[in-house]
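Undergrad: Encoded as structure tokens, here's the structure I'll be asking about.
The values are calculated or read from the model by the stated rules, or taken from the named source; none is laboratory data. No experiment lies behind these values; they were computed from the predicted model shown. Every residue, glycine as well, gets a Cβ built from its backbone with ideal geometry; the counts of neighbours run over all protein chains shown.
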Amino acid sequence: MRGIDLLNSLAKKGNTFTFNDALEMSNLSTKNLQKVLYRLQQKEAIERIEKGKYLIIPLGAEKGKYTLHEFVIGSLLVKPYSIAYWSALNYYGLTEQIPTTIFIQTISRKFNTNPNVFGVQYKIVKIKESKCFGIRKGWIEETQINITDKEKTIIDCLDKPQYAGGVIEVAKALKNNKFNRKKLENYAQRIGNSGVLRRLGYLCELLNIKIKLPKLDTRNYLLLDPTMPDKGLKSAKWRLIINLDEKVLGELE
């Protein structure tokens, strides 16, 4: 099969493909297919996303300048996946900050957890299978993607604040008040991290948001924000070290 014929057939199924897709469609040997794909890359008809994954460059587009939305590229990097953390906060308009890294959540192992694709930095975060819930379908242009829902995004960001720009970004999302309280309560317990319950309880109390959480059964203290220095007053109620600037917190109230 000629390279252009193979490319036209692959393009009917979408603007990306894998080596296995091409292998199945072409009936070529692995070695011959590698040669065909190499020639297509030289002609700037396709561009390699990562090993075994390719982007089809539309006719008339310039290689190096054409790409897909970062979330669509991210969806190809690992399976299963969901767009999560700071990236999901931004998708829902729950933060005014635009993260320079695209955060992806998965239960799979990935050798390269910090790939840079077409100049965009990605962070792939492996989680326990028990934490894999609260995922919905979203649309980016004409492509459907997996993304954590609003409530799971907030909980995930409290679970791993380092992937959310810190706890202050979660506080802003909570203040926005565009979430399902019952679902948030359920997710907070389901995630299986007492730190999430403590941070959520403290922030909701600060923001006068009514929420029902189980009583804490612990004596140890955690940092409200693990991304900040470990200095601050202690909250005996929530067993937290409040290591955020009082002025910043005061502006949230």
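Undergrad: Report, ordered by the first and then the second residue, all pairs with beta carbons closer than 7 Å, sequence separation of six or more or different chains, a first member in region 150-174 that is in contact (Cβ under 8 Å) with a residue 60 or more places away in the chain and among the polar types (S, T, N, Q), and a second member that is surrounded by fewer than 21 Cβ atoms within 10 Å (Cβ to Cβ) and in a loop (DSSP other than H, G, I, E, B).
TA: Thr153/Tyr92; Gln162/Pro226; Gln162/Thr227
Undergrad: From the set of residues in region 103-128 that are closer than 13 Å to Leu76 by Cα and of a type in the set (A, V, I, L, M), which is farthest from the chain's Cα centre (by Cα)?
TA: Result: Val117.
Undergrad: Just to be sure before I move on: is Ile191 among the β-branched types (Val, Ile, Thr) and within 15 Å of Ile127 (Cβ to Cβ) in the structure I sent?
TA: Answer is yes for this residue.
Okay, residues lined up against (1) over 22 Å from Ile191 (Cα atoms); (2) in contact with a Leu (Cβ under 7 Å, 6 or more places away or on another chain); (3) surrounded by 14 or more Cβ atoms within 10 Å (Cβ to Cβ):
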site: Tyr92; (1), (2), (3): no, no, yes
site: Thr100; (1), (2), (3): yes, no, no
site: Ser108; (1), (2), (3): no, no, no
site: Val120; (1), (2), (3): yes, no, yes
site: Glu129; (1), (2), (3): no, no, no
site: Ile145; (1), (2), (3): yes, no, yes
site: Lys160; (1), (2), (3): no, no, yes
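Undergrad: Let me ask something additional. For region 51-74, check the following and say yes or no: at least one residue is touching a Gly at 6+ places or on another chain (Cβ under 8 Å) and over 23 Å from Tyr122 (Cα atoms).
TA: For region 51-74, residues touching a Gly at 6+ places or on another chain (Cβ under 8 Å) and over 23 Å from Tyr122 (Cα atoms): absent.
Undergrad: Give the residue that is surrounded by the fewest Cβ atoms within 10 Å (Cβ to Cβ), with candidates limited to residues of region 168-195 that are among the aliphatic types (A, V, I, L, M) and either out of contact with any Leu (no Cβ under 8 Å at 6 or more places or on another chain) or modelled with pLDDT of 95 or more (or both).
TA: That would be Leu184.
Undergrad: Might you let me know whether region 196-207 holds any residue that is more than 28 Å from the chain's Cα centre (by Cα), surrounded by fewer than 18 Cβ atoms within 10 Å (Cβ to Cβ) and assigned by TED's automatic domain parsing to the domain that holds Ile154?
TA: No.
Undergrad: So, in region 224-238, how many residues would count as being buried (at least 17 other Cβ atoms within 10 Å of the Cβ) and farther than 14 Å from Leu203 by Cβ?
TA: Going through region 224-238 one residue at a time, the tally reaches 2.
Undergrad: Shifting gears a bit: Can you find, within region 36-50, the residue that is surrounded by the most Cβ atoms within 10 Å (Cβ to Cβ) among those that are among the charged types (D, E, K, R) and closer than 19 Å to Ile102 by Cβ?
TA: Glu47
Undergrad: If I filter region 214-223 for residues that are surrounded by 12 or more Cβ atoms within 10 Å (Cβ to Cβ) and within 14 Å of Gly166 (Cβ to Cβ), do I get at least one hit?
TA: Yes, some residue in region 214-223 is surrounded by 12 or more Cβ atoms within 10 Å (Cβ to Cβ) and within 14 Å of Gly166 (Cβ to Cβ).
Undergrad: Among the listed residues Gln97, Gln121, which satisfies the condition of being polar (S, T, N, Q) and touching a residue at least 60 places away in the same chain (Cβ under 8 Å)?
TA: Criteria check complete, one pass: Gln97.
Undergrad: Going residue by residue through region 30-48, is there one that turns out to be in contact (Cβ under 8 Å) with a residue 12 or more places away in the chain and within 20 Å of Thr143 (Cα to Cα)?
TA: Looking through region 30-48, at least one residue is in contact (Cβ under 8 Å) with a residue 12 or more places away in the chain and within 20 Å of Thr143 (Cα to Cα).
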